[in-house]
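The structure under discussion appears below in the form of structure tokens.
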Amino acid sequence: MVQAGRTPSRDTVRRVSVSFDAADYEELRKIAAEKRVSLAWVVRDAVAAYIFRRGPLFRQPPHSRPARRTPE
């Protein structure tokens, strides 16, 4: 996971392709819309949480980006 305030370099970021069934995709799309973030952000956030739960007991929690706000 990238620390807040740091821009990931090409050496630290890897692109993957993931397929979801229609029901899971639709649920992820709804979550993204509710949070006003991209579907990719939702997936990255879920992966970070999954890795955190499997890790050492005293690891720091993942730093997720806050949801974007629309101009009012």
*If you go through region 8-18, how many residues are farther than 14 Å from Ala40 by Cβ and either open to solvent by 100 Å² or more (accessible area, probe 1.4 Å) or of a type in the set (Val, Ile, Thr) (or both)?*
3
*Looking at Ala33, Ala23, which one is surrounded by 10 or more Cβ atoms within 10 Å (Cβ to Cβ), small (Gly, Ala, Ser), in a helix (DSSP H, G or I) and modelled with pLDDT of 90 or more?*
Ala33
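The values are calculated or read from the model by the stated rules, or taken from the named source; none is laboratory data. As the structure is a prediction and not an experimental result, all values here were calculated from the model. FYI the Cβ positions are ideal-geometry reconstructions off the backbone, even for glycines, and counts take in every protein chain you see. Quick note on the areas: whole protein, heavy atoms, side chains included, nothing else; ligands and nucleic acids left out. Shrake-Rupley method; radii C 1.70, N 1.55, O 1.52, S 1.80 Å.
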